[in-house]
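Note sheet for the following structure.
What follows draws every value from the coordinates through simple rules; no lab data is involved. None of the values given here were measured: they were computed from a predicted structure. Virtual Cβ from ideal backbone geometry, glycine too; neighbours counted across all protein chains shown.
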């Protein structure tokens, strides 16, 4: 977690869900929209800032997949890896916005090319870390993710979103 | 918006929705759960920190209801007051969490009594500000809010949550 006064390079909002559905391809003239969905698990909304590079990714992945924010049926909080539960990654550049007057500015956001590269690395490393954790890998849990740059048309159903902010 | 290095007293996450439904009273032995719902509009998740007092409320209300984050059918961004759209306020103490090891600590959060008092003031001042803005008041739009201290069982449907973070 970035300390106050030190520039952050990534911002993440986490929400817990019992179901979520995300559009990964918008409808077109000759095809219907495509969606991915998860059941009980965690939604990771993320945004990278200027100055971010790939060194932050392992730290983010380690923190987000191991922090104990997911509730078991018995009411205990464990990591999403140990729940084990589904993961939905949602690129969310709007998280980089700063209020300016009555509008929002996104001057601190990573450029599109860098943002997409870091997003792809983040998804890949999450997949890798989950795949080698037997309780998760053997549970049939899934990781799904949105399409960078798209409108993230999303539906979620929660038993309390238990919203958290993490900055790196 | 708090500048880096200055202690913040409130944290807000905003999401845009086309529908949302929030439990305001859990089910009991002799009664069903009670819910509120909104249609197209904005969800305000909020959390107060130690050191917050009522002087921050007018500033928050003014900023949140006037910032241009809500999308018209024509794709233009306007304030929720001018959309005009529904508002759902969700108390979300988890937003005050800080990662400590693999757990979360909430030491910076306002105590329960102060948190509830500021939450109540926030809801009241939102209602007042919306009520005197004719385009909103005459549109039939509604403001709904969660019960402080409850589990915020929530369902949302979006055309892109367009998630933003604001700190005060």
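For the reader, a short list of remarks on this structure follows.
- Span from the the stretch A:119-143 Cα centroid across to the the stretch B:14-65 one, whole angstrom: 33 Å
- Using a 7 Å projection from Cα along Cα-to-Cβ, the label point at residue B:100 is separated from the same position in the remaining copies by 3.8 nm, smallest value first.
- Shape category assigned to the stretch A:1-99 from the gyration tensor of Cα positions, a/c cut at 1.5: oblate
- Distances from residue B:127 to itself in the other copies, using label points 7 Å out along the Cα-Cβ axis, amount to 5.0 nm in increasing order.
- Förster radius 45 Å - calculated FRET efficiency between residue B:132 and residue A:63, Cβ distance, rounded to 0.05: 0.50
- Chain A - percent relative contact order, Cα under 8 Å, separation 6 or more: 36 percent
- Across the stretch A:70-168, Cα pairs under 8 Å and at least six residues apart give a relative contact order of 34 percent.
- Measuring nothing but how far apart in sequence close Cα pairs (under 8 Å, 6+ apart) lie, relative to its length, the stretch A:1-65 scores a relative contact order of 37 percent.
- Theoretical ellipticity at 222 nm over chain A - DSSP helices of four or more residues, -39500 (n - 2.57) apiece, nearest 500: -6500 deg cm²/dmol
- 10 Å Cβ neighbours from other chains, averaged over peptide B:146-156: 4
- Residues residue B:39 and residue A:19, FRET efficiency given R0 of 22 Å [Cβ-Cβ distance, rounded to 0.05]: 0.60
- Rounded if a/c under 1.5, otherwise prolate or oblate - the protein assembly as shown, Cα gyration tensor axes: rounded
- Inter-copy separations for residue A:150, label at 7 Å along Cα-Cβ, nm, ascending: 3.4
- Rounded, prolate or oblate (a/c below 1.5 giving rounded, otherwise prolate when a/b exceeds b/c) for chain B by Cα gyration tensor: oblate
- Each DSSP beta bridge with both residues in chain A is either parallel or antiparallel, and the antiparallel ones are about 75%.
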